[in-house]
Amino acid sequence: MKIPDDVRKDIPLTIEVIYFDNTATSLTPKPVIEAMDDYYLRYRANVHRGVHRLSQMATHKYEESRKIVADFINAEFGEIVFTKNTSESLNLVALGLENLFRPGDKIVTTPYEHHSDLLPWQRLARRKGLKLEFIEGDNEGNLDLSDAERKIKDAKLVAVQHVSNVLGVVHEVEELGKMAKEEGAIFVVDAAQSAGHMEVDVRKLHVDFLAFSGHKGPMGPTGIGVLYLNSGFFDVFEPPLIGGGTIEDVSPDGYRLTEPPERFEAGTPNIGGAIGLAAGIRYIQRIGLKGIERQERKLVKRTVEGLDELEIPWYGPGNLKKHAGVVSFNIPPLHPHDVAAVLDDHGIMVRSGHHCALPVMKKLGINGTVRASFHVYNSLEEVEAFLGVLEELVRNLR
Ligand SMILES: Cc1ncc(COP(=O)(O)O)c(C=O)c1O
C-alpha cells in the first residue's frame with residue numbers, strides 16, 4: 001500500500017480534518033467497519049454457547065481473531081485475553097497477582113507512566129504494604145539505566161510503558177525486561193502507544209504481562225483491549241472476574257475453573273470488537289509496521305524542526321531515534337486548551353491538557369501541553385498546514 005495515500009482513501013475523515021490526536025484514539029479504516037458490519041449483519045450470535053450455525057460461526061471468527069492478535073505480538077493463542085482496554089488489562093494484572101505479594105515487597109516503575117499504569121500499582125502497594133519506587137529519568141523522558149539496574153535488583157514486579165503518551169519517548173523495554181528476568185521479577189509492559197505503531201514481540205521483550213487497546217495503534221474499535229499473560233502464570237494468576245464461561249464444573253458447594261483463556265473472560269465478550277480489532281491488525285499488517293514507523297518518524301522530524309524554527313518549546317527526546325509519533329509543546333503564555341482551540345478553528349485536531357500523566361506534568365513543572373500525535377495516514381502536507389497555523393499564532397503573539 002502507498003503510504004499515506006492508499007490509507008487515507010480508506011478513511012473518509014482524513015479528507016475533512018487534520019487528525020493529530022492518534023494517541024487518544026485513531027481513525028477507523030473501512031475494512032475494520034466492514035468486518036464488524038459483517039458480524040452484526042450476517043452471523044450475530046453469542047460465542048461458546050450454542051450449537052446453531054450462527055453461534056458456531058461467531059465462535060470461529062472470535063477465536064480466529066484471538067489467533068491473529070497472538071501472532072501479532074508473537075504470543076501463544078491461549079495467552080491472549082480480550083478486555084475492554086489497556087486500563088482494564090493493567091487493573092486485572094494488579095488484582096490477579098495480589099496474593100503473590102507480601103508486605104515490604106517492591107514494585108518498580110517509571111516517572112512517565114500514564115495513570116492507568118500507575119494507579120493500580122499505587123493501590124496494590126497501599127493494600128499490601130509494598131514499596132513503590134521510580135527509576136530516575138530526565139525531563140526528555142530518558143531513563144537512567146544504571147539506576148534501573150539498581151532498583152530492579154530486589155524488585156518483585158517491574159511495570160513500564162513502552163512509549164510515553166506525552167513525551168513520545170521509546171523506552172528500552174528489552175533491556176529492562178532482561179534485568180527484571182535476571183532478578184526473577186515479574187515484568188509488565190504498557191504497550192498502549194507502541195502496538196500498531198512498531199514491532200511488539202512479547203518473547204523478545206521478556207514480558208510476563210502486556211496490555212494494549214484496540215482503538216489506538218491497531219485502528220480497531222473502542223471497547224476492546226488485550227491482556228497478554230505469559231502461560232507460566234496461568235496457575236498463579238487469580239482471575240479477578242469469574243462466572244459464565246469461566247468454569248469446567250459447578251455444584252452448590254463450589255466450582256472448578258476451565259483452562260485459559262476462557263478462564264479469564266467472564267461473561268459475554270465484545271465479540272464484534274474482537275473481530276474489528278483483528279481486521280485492524282490485518283490492515284496494519286498489509287501496510288507493514290516498518291512503513292508505519294518510517295512515516296511517523298518523518299512527521300516527527302519535520303514537526304520538531306518546524307517548532308524549533310518558530311522557537312516553540314517542545315518536550316521529549318532530542319535523540320529522534322528514540323522519539324515515536326507524539327510531539328508535546330507549549331506556546332507560553334497561552335494555555336494549551338487555547339492553542340488547541342485555535343488549531344480546531346483551522347480543522348486540526350490535537351489534544352491539550354495533562355494527558356492522564358500528572359506526575360509527568362509535575363516533573364516538568366507545567367500544567368499541561370498541546371500534543372500532536374500521528375498515525376500512518378497523516379501526511380507531511382498536514383504537518384506543514386499545522387506549522388503554518390502555529391506560525392501565524394506566534395506572529396500575532398510576539
Ligand atoms: C501509555 C498509555 N497507557 C494507557 C492508556 C489507557 O488506554 P485506554 O484509555 O485505552 O485504557 C493510554 C491512553 O492514552 C496510554 O497512552
Self-check item: Two-decimal log10 I(q)/I(0) for the stretch 46-176, as the Debye equation yields it once each C-alpha is a single scatterer, q = 0.13, 0.17, 0.21 Å⁻¹
Solution: -0.68, -0.98, -1.25
Quiz item: Can you tell which of 342, 32, 300 shows the greatest fluctuation in a Gaussian network model of the chain with Cα springs below 10 Å?
Solution: 342
Quiz item: Would you list 222, 83 from the most to the least accessible area, probe 1.4 Å?
Solution: 222, 83
Self-check item: Max mean-square fluctuation residue, GNM over the chain, Cα-Cα springs under 10 Å, options 24, 278, 211
Solution: 24
Self-check item: the chain, relative contact order [Cα under 8 Å, separation at least 6], %
Solution: 23
Quiz prompt | Alpha-carbon centroid distance for the pair the stretch 176-226 / the stretch 1-46, whole angstrom | solution = 23
Quiz item: Cβ under 11 Å from residue 286's Cβ, residue 286 left aside: what net charge do those residues give with Lys, Arg +1 and Asp, Glu -1?
Solution: -1
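I want the local charge near residue 344. Using Cβ-Cβ distances under 15 Å, sum +1 for each Lys or Arg and -1 for each Asp or Glu among the other residues.
-4
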Self-check item: Solvent-accessible area per residue for the chain (1.4 angstrom probe, square angstrom)
Solution: 42
Quiz item: Given R₀ = 25 Å, FRET efficiency for residue 199-residue 282 by Cβ-Cβ distance, to 0.05?
Solution: 0.95
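Which order do the peptides 368-377, 99-108 come out in when sorted by mean C-beta neighbours inside 10 angstrom, highest first?
Put in order of decreasing packing, that is 368-377, 99-108.
The values are calculated or read from the model by the stated rules, or taken from the named source; none is laboratory data. Just so we're clear, the structure is a prediction, and the values are computed from it rather than from any experiment. Reconstructed Cβ throughout: ideal geometry from the backbone, glycine too, with neighbour counts over all protein chains shown. When the accessible area is computed, the model is the full protein with side chains, heavy atoms only, and any ligands, DNA or RNA have been set aside. Shrake-Rupley method; radii C 1.70, N 1.55, O 1.52, S 1.80 Å.
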